[in-house]
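Rule-based calculations on the coordinates, nothing more; no lab input. Keep in mind it's a predicted model, so treat the numbers as computed, not measured. We place every Cβ from the backbone using ideal geometry, glycine too, and count neighbours over all the protein chains shown.
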Amino acid sequence: MNLPQLQRTSAITKLKAQEFDVLIIGGGITGAGIALDAASRGLCVALIEKSDFAYGTSSRSTKLIHGGLRYLKQLEFGLVKEVGSERAIVHGLAPHLVVPEKMLLPLHEKKGLGYWLTSVGLRLYDFLAGVKAEDQRKMLTRSQTLKSEPLLKPEGIKGGALYAEYRTDDARLTIEIIKASVVHGASVANYVEAASLIYDQGKVTGAKVIDRFTKESIEVKAIAVVNATGPWADEIRAMDKSLSGKRLQLTKGVHIVVARERLPVMQAIYFDVDDGRMIFAIPRGRTTYIGTTDTSYAGKQDEVRVSKEDAQYLINAVNSMFPSVDLSLGDVESSWAGLRPLIHEDGKSPTELSRKDEIFESPSCLISIAGGKLTGYRKMAERVINLVIKNHFSRRTLLACHTDKIMLAGSQPPLEKEKAANHTAMLADLLQRGVPPNLIQSLLLNFGSQSSVIMKTLTAYEDQNNPEQNLLESILDFCVQREMVFTLSDFFIRRTALLYFDITSVLTHREFVAAKMANYFSWDATRISQEQSELNTLIRQARLED
Ligand code: FAD
């Protein structure tokens, strides 16, 4: 299969010239899923994103493709069934990127549901989610639990459970779905913002958009318009003058990242906190990340930050469960904060609000979707496009939804023997040349079989004495040519996640990457220093220095 190349200039030319069947506003996982669903059924699709793809919540989640055990507590059986069954499908579409992860659930005398209720609950979870026999929940005795995780405070532990989840990289999953939509003919562009909507006889027929690089204003025409802007969805509904009835309630969730040796958990763990909430600690590469919180948020969406109080809450939770660890704020290497676009319900606290998605149809036929999960993106997209087809294209012959069969780039194993041998040899070569194993591991996790393309360019670089830098340069080449990377944070946050999980390598290589990007895009001195200063701000925020 040819790897898709995202080309912004040709997408923008099409945005100006064509009338589309569907215009999607928002390039998070929801918009990406809708673009792929629509394009693969045969519709002519445009997608615009005001910042980078996955800039919003879709790069700031817990990065799990999960059945949502907590939704069982809220008795949301339908949601557990849908997202639970979706996990295995999404894993099948991108096995390199959606990786099975056994989760340990310690059971405590005075916290949580208790041993028997958890055992029954997890059995129900496996049943609803259709979990394969070998992956079904396993209940552990007290001593098995403490052996599985020796860092646990032994007092009060009654036993434990192991159950199946999947971990992923949310932003990479989003970009791969965007790339798949392009393979199916979608025209997509990042850094293009919807500024207002266009109407014809009271019906929405497109949007006036601004190219944020050139400041050019463009009219994009479409038969149907979908608002998939997550936490910004009410702003687009307000543009449409249809913001009435149900509204969004944004809640903030933060994660902190510490060096693996500071919290060397043996596996991912999901544990109770004294206030009744539950928290994940998940090993990833040379780090462990911990999250999340759930607090009401009333600030601007673009300004959501991790506060020291948020971080301290997570640290206290870890120290209470793993007392020998004794984390402090000084251990936080990186962090991120995201917003859940939930639907407001009178009298409910943030934690009690449903995570279900909801579709709003306005009198002008604007379709807005909000809520939901990363995990459920495919089904959400199917529902939206079913509605779009019912409203506008019922007479057109279109394919049924088949996104469960569209493999994402990177998922192909290097099939032929020779290719597989080359691939293994190249990896061994990287190791031998001194590239840190965690960087190689993250290359494979992030890019899967696309790593071969990245590694092919490696030998072309002049300075063969700096293998880590060479590898980054190859990844950058790939991302600039095929993944619409335009800023330092596109690269360090949303294409490689290095700013979260290997911030030292960002500090080491930021000048080099900035120089390379300046070369690609002919940045002048002002743009270089603007890019560097934006990246430095993001680094300080992630390290809780600002
Ligand atoms: P977003 O990702 O926010 O995308 C909306 C996009 O619209 C943004 O990129 C924004 O820039 C763009 N936009 C806004 N206005 C405009 C405009 N005018 N023009 C053009 N573009 C515009 N789900 C899971 O399944 N697993 C998890 O582990 C998980 N953990 C989570 C942890 C936290 C802390 C949070 C907050 C959420 C978590 N979720 C999880 C939920 C999941 O991350 C979200 O449901 C999902 O990412 C929402 O995606 P979205 O595309 O709807 O919104």
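General remarks:
- Using C-alpha pairs under 8 Å with a sequence gap of at least 6, the mean separation divided by the residue count of segment 235-358 gives a relative contact order of 35 percent.
- Dimensions of segment 188-278 from C-alpha coordinates, computed as largest minus smallest value along each principal axis and given longest first, are 59, 36, 19 Å.
- Net charge contributed by nearby residues that have their C-beta within less than 9 Å of SER217 (K/R +1, D/E -1): -1
- Per-selection Kirkwood Rh - segment 456-546 (Cα, Å, 1 d.p.): 13.5 Å
- Seen from ASN391, the other residues with C-beta closer than 11 Å to its C-beta sum to a net charge of +1, counting Lys and Arg as +1 and Asp and Glu as -1.
- Given LYS208/LYS308; LYS14/LYS356; LYS81/LYS405; LYS102/LYS300; LYS300/LYS373; LYS215/LYS379, the pairs whose alpha carbons are separated by over 29 Å: LYS208/LYS308; LYS14/LYS356; LYS102/LYS300; LYS215/LYS379
- Dimensions of segment 284-385 based on its C-alpha atoms, expressed as ranges along the principal axes with the largest first, amount to 57, 33, 25 Å.
- Cα gyration tensor category, rounded, prolate or oblate, for segment 329-450 with a/c compared to 1.5: oblate
- Overall form of segment 394-542 per C-alpha gyration tensor (a/c, 1.5; a/b vs b/c): oblate
- Length added when fully stretched, HIS402-LEU329, from 0.36 nm per residue minus Cα-Cα: 21.6 nm
- In plain terms, the chain from PHE521 to THR457 could stretch by 21.1 nm, reckoned as 0.36 nm per residue minus the Cα-Cα distance.
- Relative protection proxy for 169-177, 365-373, 392-400, from highest mean packing down: 169-177, 365-373, 392-400 (other beta-carbon atoms within 10 angstrom).
- Between segment 490-521 and segment 17-37, the alpha-carbon center distance in angstrom: 28 Å
- In this simple spin-label approximation, ALA238 and TYR199 carry label points 7 Å from Cα along the Cα→Cβ vector, and these lie 1.8 nm apart.
- Contour minus Cα-Cα distance for ARG395 and SER533 (0.36 nm per residue): 44.4 nm
- Percent RCO, i.e. relative contact order, over segment 1-140, from Cα pairs under 8 Å lying at least 6 residues apart: 17 percent
- Virtual paramagnetic centre 7 Å along Cα→Cβ of LEU75, amide N under 20 Å, in segment 99-118: 112-114, 116-118
- Using a simple spin-label model with pseudo-atoms 7 Å out from Cα toward Cβ, GLN541 and GLU352 lie 3.2 nm apart.
- Here segment 426-442 and segment 332-395 have alpha carbon centers that stand 40 Å from each other.
- Across q = 0.06, 0.10, 0.13 Å⁻¹, the chain modelled as identical point scatterers on its alpha-carbon atoms has Debye log10 I(q)/I(0) values of -0.29, -0.83, -1.43, in the order of the q list.
- Relative contact order, percent, segment 74-154 [alpha-carbon distance under 8 Å, six or more residues apart]: 35 percent
- Taking the C-alpha atoms of segment 32-159, convex hull volume expressed per residue in Å³: 160 Å³
- FRET efficiency, 1/(1 + (r/R0)^6) with R0 22 Å, evaluated for VAL99 and GLN432 via beta carbons: 0.30
- Across segment 426-507, the convex hull enclosing all Cα atoms gives 92 Å³ per residue.
- The chain, helix-only ellipticity at 222 nm - DSSP H runs n ≥ 4, -39,500 (n - 2.57), divided by all residues, nearest 500: -12000 deg cm²/dmol
- Scanning residues 5 or more positions from VAL192 or on other chains, those with amide H under 5 Å from its amide H are GLU49, LYS50, SER51, ARG212, with H placed 1.01 Å from N in the peptide plane.
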